[in-house]
Amino acid sequence: MTEFWRLSALKAVDLLKKGDVTPLDLIDDALARIAVVNPEVNAIVTLCAERARDHAKRLMAKPIDQRGPLCGLPFGVKELNDVAGVRTTYGSPIFADNVPVKSDIMVEKLEDNGGIVLGMTNTPEFGAGANTFNEVHGETYNPWNTKLNAGGSSGGAAVALATGQVWLATGSDLGGSLRTPAAFCSVVGLRPSPGRVPSGPGELRFDTLSVDGPMARNVTDTALMLDAMAGWHIDIPVSFPAPTESFLTTTRRRLKPARIAFCLDPAGLPIEPGVKDVCRKALDKLSAAGLDVEEATPDFSGVGNAFQTLRAADYAATMRPLLNQHRDKLKAEVIWNAEKGLKLTGEEIGKAHIRRSRLYADMVKFFETYDLLILPAAPILPRDIKERWPREINGEQLDNYVEWLKLAALITMTSCPVLSLPSGFSPDGRPMGMQLVGKPRGEGALLSHALVCEEILGVRDLVPIDPRG
């Protein structure tokens with residue numbers, strides 16, 4: 001039996017376009033793989049096989065050149081995005097029986113471009129927290145060591161990719177929710193510029209902190225998926241058109257970054273020595289390959305606290321009704337974050353907006369000198385699955401579940417696109433990645449630079465893997 005699940009998304013799509021394989025073949029292959037490995041990792045929590053087959057048959061009734069860029073490739077959807085007719089719980093007991101009648105804009109766009117929804121991937125309740133577990137579906141396990149967590153909140157997506165259950169998966173990112181699990185599972189995750197990928201619509205249509213983006217096993221597959229997701233949508237006022245040249249075409253140009261800046265401890269945040277060791281070795285490889293790498297950083301002072309303020313304000317706005325009606329069914333971290341937002345003053349929120357605005361101006365100036373900024377993707381290596389969130393890093397005590405997300409949050413606040421790139425492993429085999437930050441709305445160049453780095457680092461083809469106990 002041909003194991004199509006081992007193929008990259010691009011190779012699978014190439015077979016689809018040549019007519020050498022059908023969407024139904026890929027669905028069956030993926031379902032067989034899911035049956036073998038998903039019980040060990042709990043990445044995909046709801047399958048919609050018949051819905052997928054029905055969609056595949058509709059696609060197959062069209063000429064191949066009219067099936068869209070994904071041409072019938074199955075993918076996974078993070079369980080924060082609605083899929084019409086498919087149970088979508090957001091990881092919350094409050095919505096345990098929720099079946100949306102309409103799909104999220106992003107899902108519709110992917111389906112219009114030839115993608116086929118195969119199932120929903122696990123997430124913490126409402127995406128809150130960077131360890132993937134919830135009271136509806138349970139824990140998601142790291143495939144490199146199932147005693148460890150997979151990161152979050154797009155943990156199910158990252159694990160499904162790493163174990164070969166899907167070729168592509170959607171992720172979302174507020175405080176590293178897409179980047180952390182990518183790093184913890186040795187896959188690629190791209191947090192695009194706000195507005196690049198329309199999704200929702202939710203209550204905060206002007207939101208520029210939380211975004212949706214593509215996750216894949218490598219950089220070129222990520223570019224392929226971004227092409228199928230990006231573009232303007234009238235319901236999302238911050239959205240904007242896709243570029244005239246596809247992201248995949250730009251990526252394949254392999255644009256060499258002229259100057260790369262790196263910082264291993266931005267804003268003095270605590271970062272584990274093991275994380276820095278992996279990143280240093282990766283940076284040394286980039287330098288040895290002839291890339292110009294030097295230590296430099298924008299001023300990130302106070303940005304982490306400003307992020308917490310703006311995040312809490314959003315939680316207060318969106319979670320207030322659930323807090324009033326279903327407080328007993330909400331996890332403690334969600335309650336804490338919403339109540340923090342309700343206590344904020346107008347002055348505190350205003351100062352946070354101003355700090356973010358000044359940071360953006362600093363980033364624009366910074367990128368007049370550099371093409372990339374590189375930082376660790378997470379402050380810690382994957383830890384025990386039972387640890388809800390880190391209470392300490394390097395002996396420094398953390399007093400809330402958002403504190404350890406500040407490293408990723410620094411980049412969230414810039415509005416710059418950022419890609420989490422697999423970069424290596426600790427001596428005991430725990431994966432880690434680096435954040436590659438590009439210029440505002442510069443996803444094409446960022447992906448192209450990332451491909452250059454990916455080929456130098458040499459860890460591109462280590463997934464998919466079988467789960468390891």
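Anything over 24 Å Cα to Cα? Flag those among K285/K365; K11/K109; K102/K340; K406/K439, in the order listed.
On the way: K285/K365 27 Å; K11/K109 22 Å; K102/K340 32 Å; K406/K439 20 Å.
Table pairs above 24 Å Cα-Cα are K285/K365; K102/K340.
Cα extents of the range 147-280 along the three principal axes, largest first, in whole Å?
That works out to 46, 37, 36 Å along the principal axes.
Taking amide H positions as placed in the peptide plane 1.01 Å from N, state which residues far from T46 in sequence (5 or more) or on other chains have amide H under 5 Å from it.
M120
Compute the Kirkwood hydrodynamic radius of the range 1-62, taking the inverse of the mean of 1/r over all pairs of distinct Cα atoms, and give it in Å to one decimal.
12.6 Å
When only Cα pairs under 8 Å and 6 or more residues apart are kept, what is the percent relative contact order across the chain?
Working: 1117 pairs, mean separation 82.9, N = 469.
It comes to 18 percent, rounded to a whole number.
Quantify how much of the Cα-Cα distance distribution of the range 216-317 extends past 18 Å, in percent.
71 percent
Local charge sum around F367 (other residues, Cβ-Cβ under 13 Å, Lys/Arg +1, Asp/Glu -1)?
Details: positive: R259, K365, K439, R441; negative: D362, E368, D371.
Result for the neighbourhood of F367: +1.
Evaluate 2.2 N^0.38 Å with N set to the residue count of the range 140-212, then give the Cα radius of gyration divided by it.
Relative to the rule-of-thumb radius for its length, the range 140-212 sits at 1.14.
With an 8 Å Cα cut-off and a minimum separation of 6 or more residues, compute the relative contact order for the range 292-426 in percent.
Contact order relative to length: 31 percent.
Translational D (Stokes-Einstein, µm²/s) of the range 2-131 at 20 °C and 1.002 mPa s when Rh comes from the Kirkwood sum over C-alpha pairs? All intermediate terms of the calculation are to be shown ahead of the outcome.
Values: Rh = 15.2 Å.
Calculated translational D: 141 µm²/s.
Rg over Rh of the range 307-356, using C-alpha atoms and the Kirkwood radius, what does it come to? Intermediate values should be presented prior to the final figure.
Numbers: Rg = 11.4 Å, Rh = 11.0 Å.
Answer for the range 307-356: 1.03.
Please compute P(r) over all alpha-carbon pairs of the range 96-170, binned at 5 Å starting from zero, and give each bin as a whole-number percent.
Pairs per bin, as whole percents: 3, 16, 21, 23, 20, 11, 4, 1.
Please name whichever of A52, G424, V13 sits farthest to the positive end of the charge dipole of the chain, dipole taken about the Cα centre and charges placed at Cβ: Lys and Arg +1, Asp and Glu -1.
Most positive-ward Cα: V13.
Expressed in nm to one decimal, what extension gain is obtained for the pair M60 and I456 from 0.36 nm per residue of sequence separation less their Cα-Cα distance?
Details: separation 396, 0.36 × 396 = 142.56 nm, distance 3.90 nm.
Computed gain between M60 and I456 is 138.7 nm.
Taking every pair of Cα atoms in the range 142-182, average 1/r, invert it to obtain the Kirkwood radius, and report Rg/Rh to two decimals. Let's see the in-between values first.
Working: Rg = 9.6 Å, Rh = 10.0 Å.
With Rh from the inverse mean 1/r over Cα pairs, Rg/Rh is 0.96.
Taking the alpha-carbon set of the range 333-469, what are its Rg and Dmax in Å?
Cα-based Rg and Dmax for the range 333-469 come out at 18.0, 51 Å.
Run the dipole for the range 1-107 about the Cα centre, Lys and Arg Cβ at +1, Asp and Glu Cβ at -1, nothing else charged, and hand back the magnitude in debye, nearest 20.
On the way: 14 positive and 14 negative charges, 63 e Å.
Dipole magnitude for the range 1-107 comes out near 300 debye.
Farthest toward the dipole's positive end in the chain, which of G129, G156, V293, given Cβ charges of +1 (Lys, Arg) and -1 (Asp, Glu) about the Cα centre?
V293
Using only the Cα atoms of the range 409-469, what do you get for the radius of gyration and for Dmax, in Å?
Reported Rg and Dmax, both Å: 13.7, 41.
Within the range 54-94, which residues have the backbone N less than 13 Å from the label spot 7 Å out from T22 along Cα→beta-carbon, could you tell me?
Only 54-62 pass the distance filter.
From largest to smallest, what semi-axes in whole angstrom does the chain give when each is the square root of 5 times an eigenvalue of its alpha carbon gyration tensor?
Values: eigenvalues 183, 138, 97 Å².
Value: 30, 26, 22 Å, ordered largest first.
Given that compact globular proteins tend to follow 2.2 N^0.38 Å, what is the ratio of the alpha-carbon Rg of the range 79-219 to that value?
After normalising by residue count via 2.2 N^0.38 Å, the value is 0.96.
Place a point 7 Å from the Cα of Q325 along the Cα-to-Cβ direction; which residues of the range 82-107 have their backbone N under 19 Å from it?
Answer for this model: 82, 88-102.
Which residues does the label zone of A317 cover in the range 399-430, counting backbone N under 18 Å from a point 7 Å along Cα→Cβ?
Inside the label zone: 412-415.
Could you please tell me the mean projected area of the C-alpha convex hull for the range 302-386, averaged over all directions and given in square nanometres to one decimal?
So the mean shadow area of the Cα hull is 8.0 nm².
On the first, second and third principal axes, largest extent first, how far apart are the outermost C-alpha atoms of the range 277-346 in Å?
58, 29, 16
So for the range 258-311, Kirkwood radius off the Cα pairs, Stokes-Einstein at 10 °C and 1.306 mPa s: how many µm² s⁻¹?
On the way: Rh = 12.8 Å.
Answer, rounded: 124 µm²/s.
Taking the Cα centre of the chain as origin, work out the dipole magnitude from +1 charges on Lys and Arg Cβ and -1 charges on Asp and Glu Cβ, in debye rounded to 20. Can you show the working numbers first?
Numbers: 52 positive and 57 negative charges, 83 e Å.
It comes to approximately 400 debye.
What is the distance in Å between the Cα centres of the range 150-207 and the range 1-57?
20 Å
I'd like the antiparallel share, as a percent to the nearest 5, of DSSP beta bridges with both residues in the chain.
Approximately 70 percent, going by the DSSP bridge assignments.
Since every read-out is calculated from the coordinates, none of them should be taken as a lab result. Just so it is clear, the structure is predicted and the values come from calculations on it, not from any experiment. Neighbour counts are summed over all protein chains in view; Cβ atoms, including those assigned to glycine, are modelled from backbone coordinates with ideal geometry.
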